[in-house]
1. For residues that are touching a residue at least 24 places away in the same chain (Cβ under 8 Å) and surrounded by fewer than 17 Cβ atoms within 10 Å (Cβ to Cβ), tally how many sit in the stretch 228-246.
2. So, of the residues in the stretch 102-128 that are open to solvent by 10 Å² or more (accessible area, probe 1.4 Å) and among the polar types (S, T, N, Q), which turns out to be farthest from residue 273 (Cα to Cα)?
3. Please pick out the residue among 340, 392, 325 that is crowded, with 19+ Cβ neighbours inside 10 Å and polar (S, T, N, Q).
4. Regarding the stretch 138-149, can at least one residue be identified that is modelled with pLDDT of 80 or more and open to solvent by 80 Å² or more (accessible area, probe 1.4 Å)?
5. Whether any residue in the stretch 262-274 is surrounded by fewer than 24 Cβ atoms within 10 Å (Cβ to Cβ), closer than 30 Å to residue 322 by Cβ and touching a helix residue (DSSP H, G or I) at 6+ places or on another chain (Cβ under 8 Å) is what I want to check.
6. If you take just the helices (runs of 4 or more DSSP H) that sit entirely in the stretch 206-321, which of them hold at least 2 residues that are at pLDDT 85 or above and basic (Lys, Arg)?
7. Determine the pairs where a residue that is over 15 Å from residue 70 (Cα atoms), located within the stretch 210-224, has a partner that is assigned to a helix (DSSP H, G or I) and of a type in the set (Phe, Trp, Tyr) with Cβ atoms under 8 Å apart, the partner being 6 or more residues away or on another chain.
8. Keeping to the stretch 158-182, report how many residues are without any contact (Cβ under 8 Å) to a residue 40 or more places away in the chain, closer than 30 Å to residue 383 by Cβ and open to solvent by 70 Å² or more (accessible area, probe 1.4 Å).
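The values are calculated or read from the model by the stated rules, or taken from the named source; none is laboratory data. Please read all numbers here as calculations on a predicted model, not as lab measurements. Positions of Cβ are generated from backbone atoms using ideal geometry, with glycine treated the same way; all protein chains shown enter the neighbour counts. Just the protein is used for accessible areas: all its heavy atoms, side chains included, with ligands, DNA and RNA removed. Shrake-Rupley method; radii C 1.70, N 1.55, O 1.52, S 1.80 Å.
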Amino acid sequence: MEYQRTLGPIQGIAMTVTTFVGTGLMLLPALSVSQSSNFAIYAWLITTAIILPVAFVFALLGSRFPSAGGASHYIGRAFGKSAEKAVGWLFLSILLVGPAVAVKIAAAYLAVALNLSQNYVFILSIITILATAFYALAGIKNSSHFQFIVVIGLIVVILLLSWKGNIGGATENIEIPTSWTEWQTTFLAVGTIFWCFIGIEVMAHMGAEFKNPARDFPIALLGGISIVIALYLALVLLITQHHTYGDEITNSQSLALLVGIIFGENSKRLFAVGAFILAFANTGMYLLGFARMVQSMSSHGALPQTFSRLSKHGTPVRAVYLVTSLTLGSILLGHFSGWSLHWFIEMTNGAFLLIYTLTCFTSLKLLPNQQKWLGATAFATCLLMTIFVGMSMLFAFCIFTIALCFECYKNKKNLIPKHEIHVQ
């Protein structure tokens with residue numbers, strides 16, 4: 001099946017912005033300020049500098065090998081089907097930690113909208129995930145257009161906050177780290193901020209749909225990232241200025257609190273409704289995206305065939321049930337274990353960082369000689385980022401290693417002629 005090549009650079013930039021501007025924008029600025037205080041701006045700049053070579057590599061690979069398979073396709077071209085399928089398992093493992101973050105952020109904003117205390121966030125998280133499952137089952141063909149409108153509204157709100165909240169004066173809070181202790185404080189937020197960039201992989205899947213991938217895809221990816229970074233930096237300044245950060249719930253509701261301080265309490269609740277809708281839609285896309293992955297793996301024999309069945313509307317119903325159950329289990333585990341939202345972000349970051357590292361290593365084989373230096377630079381920056389993500393990489397590395405060994409074993413077993421299997 002050929003994808004329709006309908007995207008130009010402007011549409012691509014818009015899609016990049018809507019991909020990156022989601023639940024992360026509601027949490028990461030406040031979380032980074034909580035970790036690095038007035039040095040947070042430098043943490044964002046450091047993370048951006050580290051990730052930009054990776055973005056260039058994805059742009060080059062996406063334009064040279066346009067495919068809906070994204071990173072797994074690139075890795076499969078270079079190292080075979082076993083590696084490609086192992087990356088698919090690694091993507092699927094993110095389901096255990098990633099969607100729970102989006103659900104909890106949505107629930108936190110719903111609590112603000114309903115004027116409920118933080119004690120209700122857990123109950124609202126359960127309600128949100130169940131409602132999102134019904135949303136995914138009903139099909140979300142038109143949700144991308146709706147989500148685009150909501151994201152544009154969110155961007156307009158940030159611009160208004162910057163104007164009304166005196167962002168010029170907020171720059172006075174920026175402090176330059178001078179001692180090693182201050183630099184260590186700055187580095188604390190780098191691993192967390194990486195969450196902002198996990199949309200790079202999502203955009204790589206869109207490479208096949210650009211009219212001129214070689215020209216338009218790099219413009220879309222890098223132009224969109226520039227806009228997104230400007231939005232995040234503006235919020236970091238405003239959140240620092242108005243002190244809407246602190247504990248986990250405060251960080252989760254930071255934008256609504258900021259709107260309340262600058263525009264008043266009524267505006268805060270109205271904004272919280274919009275933020276909940278955006279987070280809810282993001283969670284729906286999360287669930288259906290993972291369900292599609294489960295359905296695809298099932299149809300290829302990697303999972304039981306029962307998950308490959310589609311409804312008359314083309315929805316992988318049983319896969320949605322599985323994905324919802326795992327996400328619900330993740331939420332329950334987080335609540336009763338006392339694990340913080342930050343821990344789930346770190347686990348998700350570790351999985352995506354491993355995927356990015358493997359992709360950049362793959363680029364050393366796939367890119368032409370004159371571009372290999374960029375692949376080597378991106379691979380080096382990924383290795384540098386592993387220092388900041390730290391032990392969170394262990395979860396992803398174990399999943400990938402087990403999946404790779406499993407796939408290699410299956411391939412080796414399939415290569416053995418049937419008459420030899422019965423030889424004693």
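1. Within the stretch 228-246, the subset touching a residue at least 24 places away in the same chain (Cβ under 8 Å) is 228-229, 231-242, 244-246.
Filter again for surrounded by fewer than 17 Cβ atoms within 10 Å (Cβ to Cβ), leaving 246.
Residues that pass the stated criteria total 1.
2. In the first step, residues of the stretch 102-128 are kept if they are open to solvent by 10 Å² or more (accessible area, probe 1.4 Å); the result is 104, 110, 112-120, 122-124, 126-127.
With the extra rule that they be among the polar types (S, T, N, Q), the set shrinks to 115, 117-119.
On the way: 115: 11, 117: 16, 118: 16, 119: 19 Å.
Looking at residues that are open to solvent by 10 Å² or more (accessible area, probe 1.4 Å) and among the polar types (S, T, N, Q), I get 119.
3. Details: 340 fails: crowded, with 19+ Cβ neighbours inside 10 Å; 325 fails: crowded, with 19+ Cβ neighbours inside 10 Å.
Result of the check over 340, 392, 325: 392.
4. To start, the set of residues in the stretch 138-149 that are modelled with pLDDT of 80 or more comprises none.
So far as the stretch 138-149 goes, no, none of its residues is modelled with pLDDT of 80 or more and open to solvent by 80 Å² or more (accessible area, probe 1.4 Å).
5. So in the stretch 262-274, the residues surrounded by fewer than 24 Cβ atoms within 10 Å (Cβ to Cβ) come out as 262-270, 273-274.
Narrowing the set further to residues that are closer than 30 Å to residue 322 by Cβ leaves none.
For the stretch 262-274, residues surrounded by fewer than 24 Cβ atoms within 10 Å (Cβ to Cβ), closer than 30 Å to residue 322 by Cβ and touching a helix residue (DSSP H, G or I) at 6+ places or on another chain (Cβ under 8 Å): absent.
6. Working: elements: 213-242, 248-252, 254-263, 265-299.
So the answer is 265-299.
7. Here the result reads 222/56; 224/20, each pair linking the stretch 210-224 to a residue that is assigned to a helix (DSSP H, G or I) and of a type in the set (Phe, Trp, Tyr).
8. 3
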